[in-house]
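One structure is given here, and the rest of the page talks about it.
The values are calculated or read from the model by the stated rules, or taken from the named source; none is laboratory data. Keep in mind it's a predicted model, so treat the numbers as computed, not measured. A quick note on method: Cβ atoms are made from the backbone with ideal geometry, for glycine too, and the neighbour counts reach across all protein chains shown.
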Amino acid sequence: MATYEEVVNLAVRRSLFYPASEIYANAPAGMYDYGPYGSAIRRKIVETWRKHLVQKEDFLEIDGALIMPEDVFKASGHLTNFNDPVTQCKKCNVIHRADKLLEEKTKEQYREAMPAAELTAALRKHKLTCPNCKGELSDVRQFNMMVKADVGVSAKASCYLRPETCQSIFADWARMVKTMRVKLPKGVSQYGKVFRNEISPRQTLLRQVEFSQIESEVFFDPSKIDEIARWAEVKNYKIHVQLANKTTVEPMTAEKLASAKIVSGKLIAYYLARTQQLFERFGIPVSKMRFRQLDDTERAFYAKEGWDFEIQTSLGWVELAANNYRTDYDLKGHQEGSKKDLSFVMEDGRRFIPHIWEISIGLDRTFYAALELAYHDDKDKERTWLSLAPALAPLHAGVFPLLSNKPELVKKAEEVYESLRESFEVTYDQSGSIGKRYARLDEIGVPFCITIDFDSLTNNDVTLRERDTGAQKRVKISELNNVLAQSLYGKKA
Ligand SMILES: [Zn+2]
């Protein structure tokens, strides 16, 4: 298993991701840029999500503004509830998360939502001082994590950068109903950036100030939570769950989760299954996944039911997706805040506020997990490679002439490269030893390398090398398109 440090080293070495504005010494922590191949992998995660959890589910995808007025976040509760408890060192002025300091010291869980006075009392009881300078710590206060945006000159309304993508989905709901001929259940999805003023961003992509979500909110009629059109497709599919009172993960069919009333209804079991299937498509083994059932103390106050989707990494279990039964909390809040009617009218005239099942996936954390679980090395052969699923590979193949100083090989290699570009994402590389060229592509997860040598000139064939095994075979140039399509997509070009 790769360590976190090995993964980050590879990422930075190959410019998959790296600190934003890194040429400036005072660039703030918690922001990362994705380089050419990193952004290609990231884009492919989004495309895979879009194909399987948006389009195949007949969800509607929107692309909302990043900046939203204060009233949105008054209605959503963020202005009052979206806080981290902090304490400041009276000597060096550094601000720390009070709950995290306590956790490190006592190895016990402290909830962010614990009242400030209780956290202050705990700090004093355990005689905590500043970890940097041993200075005295201030009383705990709540720090709001919203990032304020100064917009315009009229100051008509205060604005914030959104802390989650779902608020524009809720705000746009009535418009979707009016203009998109919505029938329930209906998901509305969004991919985009969000911002949270983290006190201590850490672990690169795992806790950032600026990050991205791929999110769906499924609007449904709570009286029809057991009516799911495509139930047959998932009912025998096993979902890896860890129940709130258990310490082990159990595979359970969707049917069992629904019939034993472990979930509130079939609709929820259905989307848990679809979510797990999506992560399988990202190349993550099911044995590394779990849906952890949240107990009463962990759930957000509006959530009737919640499951954290987590992946086992070298850092322990990491949450990649929040799955919450948000009931009618959000639409009711926005109905009150906006004074607009957000109810839904059924064909029989029944009027109600739809309930919401949320599938909120952290894109950057998913990227990290996919990278770590794909990371392989062979220390004897000094070889490192990413065994990314074909759907996530940044390129399909590299094309090389064996020797770059032989014009006839270069010409043939360029011809092969041109013949593949129409159907595949390929790169051409003639610099450095063939071993170095293999290594460059192995480390970014490119599944195939195609080499043109002297035999290619007489036989019209190439060497096709496979990333994970290093196995090589000869393939006729006329067959290359089909062979690649078969290996990548399981069908002919
Ligand atoms: Zn200090």
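Points to keep in mind about this one:
- For segment 323-355, a residue qualifies if it is among the aliphatic types (A, V, I, L, M) and either surrounded by 15 or more Cβ atoms within 10 Å (Cβ to Cβ) or in contact (Cβ under 8 Å) with a residue 24 or more places away in the chain (or both), and the qualifying residues are LEU331, LEU342, MET346, ILE353.
- Selection count, segment 137-153, where residues are within 16 Å of the ligand (Cβ to nearest atom) and not in a loop (DSSP other than H, G, I, E, B): 1
- Candidate set from segment 119-133 (those that are aliphatic (A, V, I, L, M) and within 16 Å of the ligand (Cβ to nearest atom)); member that is nearest to LEU161 (Cα to Cα): LEU123
- Within this structure, HIS78 fails the test of being in contact (Cβ under 8 Å) with a residue 60 or more places away in the chain, within 16 Å of the ligand (Cβ to nearest atom) and either over 20 Å from SER200 (Cα atoms) or surrounded by 19 or more Cβ atoms within 10 Å (Cβ to Cβ) (or both).
- Residue match in segment 472-483 (condition: at pLDDT 95 or above, among the basic types (Lys, Arg) and closer than 26 Å to THR48 by Cα): no
- So LYS183, is it farther than 30 Å from ALA321 by Cβ and out of contact with any His (no Cβ under 8 Å at 6 or more places or on another chain): no
A quick yes/no check of all residues on (1) away from the ligand (no atom under 15 Å from the Cβ); (2) assigned to a loop (DSSP other than H, G, I, E, B); (3) farther than 25 Å from GLU210 by Cβ:
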position	(1), (2), (3)
GLY64	yes, yes, no
PHE73	yes, no, no
ALA113	yes, yes, no
ALA117	yes, no, yes
GLY135	no, yes, yes
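- Residue within segment 412-422 that is in contact with a helix residue (DSSP H, G or I) (Cβ under 7 Å, 6 or more places away or on another chain) and among the acidic types (Asp, Glu) present: no
- When GLU198, GLU233 are checked against the criterion of being acidic (Asp, Glu) and part of a loop (DSSP other than H, G, I, E, B), GLU198 stands alone in meeting it.
- If you go through segment 92-111 and pick out every residue that is surrounded by 19 or more Cβ atoms within 10 Å (Cβ to Cβ), within 15 Å of the ligand (Cβ to nearest atom) and free of Cβ contacts under 8 Å to residues at least 60 places away in the same chain, you end up with 2.
- Any chance PRO69 is touching a Cys at 6+ places or on another chain (Cβ under 6 Å) and either more than 16 Å from the ligand (Cβ to nearest atom) or at pLDDT 95 or above (or both): yes
- Scanning segment 81-91 for residues that are part of a strand (DSSP E or B) and either within 16 Å of the ligand (Cβ to nearest atom) or touching a Ser or Thr at 6+ places or on another chain (Cβ under 6 Å) (or both) turns up VAL86, THR87, GLN88, CYS89.
- 3 or more residues without any contact (Cβ under 8 Å) to a residue 12 or more places away in the chain: qualifying strands (runs of 3 or more DSSP E) within segment 423-493: none
- From LYS127, LYS156, residue being on the phi > 0 side of the Ramachandran plot and part of a loop (DSSP other than H, G, I, E, B): LYS127
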